Structures are given as structure tokens and as C-alpha cells.
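Inspection log for the structure reproduced underneath, given as C-alpha cells.
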Amino acid sequence: MTPECSPRPVVLLGSTGSVGTQALDVVARNPERLRITALAAGGGRVGLLARQAAEFRAEAVAVADPSAVPALKDALAAHGAAPTVLAGAEGVAEVAAWPSGGADGADRPIVLNAITGALGLTSTLAALEAGRDLALANKESLIVGGPLVKRLAKPGQILPVDSEHSALAQCLWAAGPSGADARTVRRLVVTASGGPFRGRKRAELWDVTPEMALDHPTWNMGPVITINSATLVNKGLEVIEAHLLFDIGFDRIDVVVHPQSVIHSMVEFVDGSTIAQASPPDMRLPISLALGYPERVPGAAFPVDWTQAHTWTFEPLDDEAFPAVSLARQVGAQGGTAPAVYNAANEVCVEAFLKGALPFPGIVDTVAQVVSEHVTGQASTMEEVLAADEWARSRAAELTA
């Protein structure tokens with residue numbers, strides 16, 4: 001970015017979560033490159049949201065929970081901030097298309113969608129419809145609304161924020177012009193830490209408690225994503241996301257367990273060469289890459305210290321103990337509304353597990369039952385997607401009651 005360029009406008013959805021707070025750290029350390037124009041969050045941490053809005057001088061703030069508006073307004077007033085306040089899913093979607101900045105170059109606004117779960121779909125669609133670049137951390141919106149999102153998105157409009165998909169994109173960029181040609185790619189290799197229960201057999205997972213499952217060995221994430229990482233559902237979602245982002249068939253997407261979480265993903269090419277992306281586990285790197293694209297943001301994260309000895313290991317995934325990935329492959333191949341059902345049923349089952357109403361292996365077992373009962377339909381309209389989502393939630397709730 002040249003000195004004459006103004007900072008790029010950033011709309012941040014999910015600002016009080018793990019990805020959101022790290023994104024704000026990236027913005028705070030790069031005021032000449034990035035500036036916050038609008039924020040959105042669920043509404044459970046209005047004090048933090050108000051502090052963020054005041055510190056970054058947000059023009060607009062939205063909360064998904066309308067009942068949080070009075071407390072948010074009080075908190076904003078206490079910080080001397082008076083942004084436009086919006087509420088509900090419609091308010092968050094309005095923020096996603098917030099009118100700020102120009103349409104081209106560094107002034108072109110970018111929306112970072114870090115909302116957790118299927119709630120992020122309406123905001124993803126709103127950002128794309130408004131012509132915004134979309135830094136996507138909310139993989140669920142792409143998975144749930146795949147055909148809708150793909151139909152709206154222009155080439156290069158979606159920039160992945162998940163560390164694995166950011167890594168895959170970087171590997172493809174590094175391959176040069178041939179990296180953009182799927183015919184030169186033999187397979188995508190997505191890495192997984194293995195979670196806190198790596199090496200356990202299925203019979204050893206029945207006594208897992210929520211506290212145990214929330215203790216991730218590598219990443220610091222919110223509770224839903226952390227549980228999804230423990231069950232490997234998150235990796236299943238990432239396989240579907242990789243298929244949708246890079247147009248590579250499921251038979252050419254592998255998952256390998258890499259406990260050190262330094263190699264974030266790899267691309268194997270038809271000539272036998274493999275390109276891997278390596279960095280210590282720090283979400284600020286893929287966040288900064290998406291927000292600053294096509295430029296890299298200096299000092300976004302610490303690099304690997306190549307002067308020290310390192311040992312990196314890779315293991316096959318145990319599909320019997322962790323069947324979520326193989327189930328995701330089936331769901332992804334079915335397409336239509338099946339991915340929405342997989343995601344919605346899982347969200348309900350994770351909540352049941354956290355409340356002690358479902359054993360740990362029962363999360364994926366129940367998701368599999370819901371998926372097996374679902375009659376897959378088209379996902380060409382929002383109504384079709386929402387109907388499948390609602391049915392899956394209702395059925396999963398019945399099975400976990």
C-alpha cells in the first residue's frame with residue numbers, strides 16, 4: 001500500500017469472539033492500512049462490544065439479539081460513543097453492507113464474517129450482494145448456503161480466513177499461473193491437530209466431559225468451534241468448504257493429523273511436487289492476509305524459528321473413532337440441503353453435549369441419524385435452506401431430549 005492510500009474500510013461481524021478480537025488486534029497495529037467502520041456481535045458481551053466501538057470509532061454497531069440493545073446503548077453512552085445501533089439478523093445484514101469507502105483499490109470495503117454458525121449466512125449474502133470483498137471465517141454460511149453463495153460470489157470476492165483454507169490458497173498462489181488450473185492439482189491435503197483426544201479409540205470417548213473437550217491442545221477458540229474440533233466435525237466442514245472454494249472433488253481432498261499445527265495445509269500437484277504453508281498456530285496471519293490482500297501485512301504473526309530443531313509428524317485419521325469427516329464427505333457429495341442438515345443438527349447436538357444431555361460420541365452419531373432421515377432437496381433459495389435447517393434442528397432436538 002502506498003503512503004497516499006487511505007486505510008481500507010473493514011466491517012467486522014462477530015467482533016467479540018476469538019477471531020473478531022484477533023482481527024481487531026491486527027487492525028490496531030496497522031492503522032495506516034486498515035480502519036474499522038462497523039461492528040456486529042451476538043449481544044452476549046455488550047460491554048466489550050461498546051469498548052470496541054469506542055476505541056475504533058465505529059460508525060455502526062449491530063447486535064443479533066434485539067433484547068441487548070438497551071444495555072448496548074447504555075454501555076456506548078458510558079464510553080462517549082454514539083454510533084448507529086442496529087439489531088436482529090436484519091441489522092447485522094445491514095451492517096454487512098454498510099456504505100463506507102470507495103469501490104476500488106485500497107478504499108474498497110471488506111467484510112470479515114466471523115459470526116459462529118449458520119446465522120452468518122444472511123450476512124454473507126448481504127456482503128456479496130453489496131459487492132463487498134468477503135473475508136470468510138464463518139465457514140458454515142458457505143457450507144449451508146453453498147449454491148446461493150457460489151451463485152452470488154464473483155471470482156476472487158471470497159478470501160478464506162480459516163487457517164487451512166488460507167494455507168491452500170497460498171499454496172495455489174505459490175504455484176503460479178498453473179495453481180489456478182484444477183487440472184494441475186492432484187489433491188488438497190488438509191491438516192488437523194487431532195484435538196484433545198487424538199489417539200483414543202471410540203470406546204475411550206464415552207466418558208469425555210465438556211471440560212475435557214474444551215481443552216484444545218493448540219488453538220484458542222470459542223466453545224462451539226472447540227467442541228467441533230474435538231469431534232472432528234470442524235474438519236468435516238472444512239473438507240466441504242475446500243471443495244466449494246477450490247472446485248476440487250471430494251476424492252481429491254485428504255485429511256491428515258498433524259499435532260504440531262505448523263503445516264496448515266498442502267497442495268500436491270500432478271508432477272509429484274507438494275507445496276506446504278508453514279507458520280506457528282496464530283490466526284492473526286490468515287486474518288491479516290485476507291484483510292490486506294493482495295498485499296501481506298508485515299509482522300502479522302511470529303514466523304517459525306528455523307534456527308531451532310523441529311519435529312513435525314503426520315498420522316492418518318482414525319475414521320472409526322472420529323467418523324465426522326467421512327460423514328461430511330457423504331453429505332458434501334449429496335449436496336443440496338444435506339450440508340445444511342449436517343451443520344444444523346451438529347449445532348443442536350453440541351449444545352446438548354455441553355448441557356450434559358448427550359455423550360461425546362453421541363454428537364456425531366445423532367448427526368448421522370438426522371442426515372440419514374433427511375430427504376435431500378435443492379438449496380437454490382433461502383427458503384429451501386432455512387426449511388432444511390429448521391427441520392434438522394427440530395429432529396436433533398427430539399433425539400437429544
task = Can you give me the number of residues within segment 303-361 that are farther than 22 Å from ALA213 by Cα, crowded, with 17+ Cβ neighbours inside 10 Å and among the hydroxyl-bearing types (Ser, Thr, Tyr)?
result = 1
task = Pick out the one residue from GLY249, GLY222 that is in the same structural domain as ALA276 (by TED's automatic domain parsing), in contact (Cβ under 8 Å) with a residue 24 or more places away in the chain and not aliphatic (A, V, I, L, M).
result = GLY222
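Quickly run through segment 277-297 and pick out the residues that are outside any loop (DSSP other than H, G, I, E, B) and either buried (at least 18 other Cβ atoms within 10 Å of the Cβ) or of a type in the set (Ser, Thr, Tyr) (or both). If you could, list the steps in order and put the result at the bottom.
Step one: filter segment 277-297 for residues outside any loop (DSSP other than H, G, I, E, B), giving 277-278, 284-292.
GLN277, ARG284, LEU285, PRO286, ILE287, SER288, LEU289, ALA290, LEU291, GLY292, listed by residue number.
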query = LYS139 versus (1) buried (at least 24 other Cβ atoms within 10 Å of the Cβ); (2) of a type in the set (Lys, Arg); (3) over 17 Å from ALA242 (Cα atoms): which is the lone unmet condition?
reply = (3)
remark   = Among VAL233, VAL262, VAL270, the single one that is in the same structural domain as ALA169 (by TED's automatic domain parsing), modelled with pLDDT of 95 or more and under 22 Å from VAL367 (Cα atoms) is VAL233
inquiry  = It is to be established whether one or more residues within segment 140-152 are touching a strand residue (DSSP E or B) at 6+ places or on another chain (Cβ under 8 Å) and not in a helix (DSSP H, G or I).
reply    = no
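Among the residues of segment 381-393, write down those that are over 13 Å from LEU148 (Cβ atoms) and surrounded by 14 or more Cβ atoms within 10 Å (Cβ to Cβ). Show your work before the answer.
At the first step, the residues of segment 381-393 found to be over 13 Å from LEU148 (Cβ atoms) are 387, 390-393.
Passing the criteria: ALA387, TRP391, ALA392, ARG393.
In segment 257-276, what residues are β-branched (Val, Ile, Thr) and buried (at least 17 other Cβ atoms within 10 Å of the Cβ)? First the steps, then the outcome.
Just the residues of segment 257-276 that are β-branched (Val, Ile, Thr), to begin with: 257, 262-263, 267, 270, 274-275.
Once the filter is applied, which keeps residues that are β-branched (Val, Ile, Thr) and buried (at least 17 other Cβ atoms within 10 Å of the Cβ), segment 257-276 yields VAL257, VAL262, ILE263, VAL267, ILE275.
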query = Within segment 65-88, is even one residue crowded, with 17+ Cβ neighbours inside 10 Å and within 18 Å of VAL161 (Cβ to Cβ)?
reply = no
query = Can you pull out the residues in segment 215-243 that are surrounded by fewer than 20 Cβ atoms within 10 Å (Cβ to Cβ) and under 18 Å from the mean Cα position of the chain (by Cα)?
reply = HIS216, THR218, TRP219, ASN220, MET221, GLY222, PRO223, VAL224
inquiry  = Cβ contacts < 6 Å: first residue assigned by TED's automatic domain parsing to the domain that holds ALA401, restricted to segment 321-349; second residue in a helix (DSSP H, G or I) and among the basic types (Lys, Arg), any location; separation 6+ or different chain. Result?
reply    = ALA344/ARG393; VAL348/ARG393
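The values are calculated or read from the model by the stated rules, or taken from the named source; none is laboratory data. Since this is a predicted model, take the numbers as computed values, not measurements. Counting neighbours? That spans all protein chains shown, and the Cβs are built from the backbone with ideal geometry, glycine included.
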